[in-house]
Amino acid sequence: MLFRLPDHDTLYQALIDRDEAYDGRAFVGVTSTGVFCRLSCPARNPKSENCTFFASVQECLEAGFRPCKRCHPMAPAAAADAAVQRLVSALEQRPEHHWSEGDVVAMGLDPSTVRRAFKRHYGMTFLEMARLTRIRSGFETLSGGGRVIDAQLDAGFDSPSGFRNAFARLLGQPPSSFTGRELLKASWIDTPLGAMIAVSDRHVLHLLEFIDRKALPAELKRLRAHSKGGVGIGREPPTEQAETELAAYFSGQSAAFTVPLKFHGSAFTCEVWRALREIPAGETCSYSDLARTIGRPDATRAVARANGANQLALIVPCHRVIGADGSLTGYGGGLWRKQQLIELERQYAAPARRADHREEIA
């Protein structure tokens, strides 16, 4: 199920179109310059006969190409944007600040350019990212049993209604609705690709999503409907285990997730999710491949819908499913995350590939 590059003409057209859907999946080595680039590189397009396409940075380097200084193919796409990195660093230094477009202008940046860049890389604007960062402080206060007014102040909201509305947009319910007696508990987990919300009971993990996913409030609403005790704020053992395993995953130590899970879906949907968990880290497959894997070759569209309905991001690795032509296609957590996850997981496939290579030599 390893990704296979499309033909030369398809990839060259993607290069001409500066198609970001191939970022992290295909690279071009330009023989006339000795440089390799992303297909979305803003540099002048080379001639087709001077282009050689590769599936990884490693292949480009082994072929003797050096990385482009314009598109920085060895770094995540967002890291190559100086304005984005400058604002992200500023937010990390002042997470409690009420960021505005005036602050962006004061830093010598154009708000409209920044807005487009953040939407492209993160699926949200810088101001939306700043708002979510502030909400985190209030979330942690409530998780520790604090009062709503204390959570509001810790989150840096002057207006109680503003805090309630912002919190409700994130979790689908206002902070005053939590009783402390809920069977399911929602908690905040930080990752290198952004904060996530985990929902567990004492025994299993029910949900793991990036906080900026638009479907999160609807997913939490469905969980509340399934659970008689509702969803509250707090932390249970499965969330602790998920956080530990996520840390190992992002640090390159292990791609194995053993936290007990609860699937909320039809029999077919759950079958697709189980099949997703069988895709090894470092490999990808198409929707049609996945449909054939479960013995339903004519159910490609239904498989795609089940893939999109996944509520356990990373642990049920729907990011490993790509288009038949090798493009990234859709991902609820944002294509920028999908790109980085696939790039990150190359390290997990490398040992197996080296072993295969040694066996061939033997």
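The values are calculated or read from the model by the stated rules, or taken from the named source; none is laboratory data. Quantities reported herein were computed from a predicted structural model and do not represent experimental measurements. Note that each Cβ is placed from the backbone with ideal geometry, even for glycine, and that neighbours are counted across all protein chains shown.
In table form, for the structure just shown:
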{"item": "Verdict on S254 being crowded, with 19+ Cβ neighbours inside 10 Å, within 21 Å of the chain's Cα centre (by Cα) and closer than 20 Å to K338 by Cα", "result": "no"}
{"item": "Test: residue in the stretch 95-112 that is in contact (Cβ under 8 Å) with a residue 24 or more places away in the chain, surrounded by 15 or more Cβ atoms within 10 Å (Cβ to Cβ) and either within 24 Å of R235 (Cβ to Cβ) or charged (D, E, K, R) (or both)", "result": "yes"}
{"item": "Residue match in the stretch 217-224 (condition: of a type outside the set (S, T, N, Q), surrounded by 13 or more Cβ atoms within 10 Å (Cβ to Cβ), closer than 30 Å to I149 by Cβ and over 24 Å from the mean Cα position of the chain (by Cα))", "result": "yes"}
{"item": "Test: residue in the stretch 312-320 that is assigned by TED's automatic domain parsing to the domain that holds Q340, touching a residue at least 40 places away in the same chain (Cβ under 8 Å), surrounded by fewer than 21 Cβ atoms within 10 Å (Cβ to Cβ) and among the small types (G, A, S)", "result": "no"}
{"item": "Search result, residues across the stretch 82-106 that are of a type in the set (A, V, I, L, M, F, W, C) and part of a helix (DSSP H, G or I)", "result": "A82, A83, V84, L87, V88, A90, L91, V104, V105, A106"}
{"item": "Long-range neighbours under 6 Å by Cβ, at least six apart or interchain, first residue of a type outside the set (D, E, K, R) within the stretch 52-73, second in a helix (DSSP H, G or I) and at pLDDT 75 or above", "result": "F53/L11; F54/C60"}
{"item": "Entirely in the stretch 230-327, the helices (runs of 4 or more DSSP H) that have 2 or more residues that are in contact with a Ser or Thr (Cβ under 9 Å, 6 or more places away or on another chain), farther than 29 Å from T141 by Cβ and hydroxyl-bearing (S, T, Y)", "result": "287-293"}
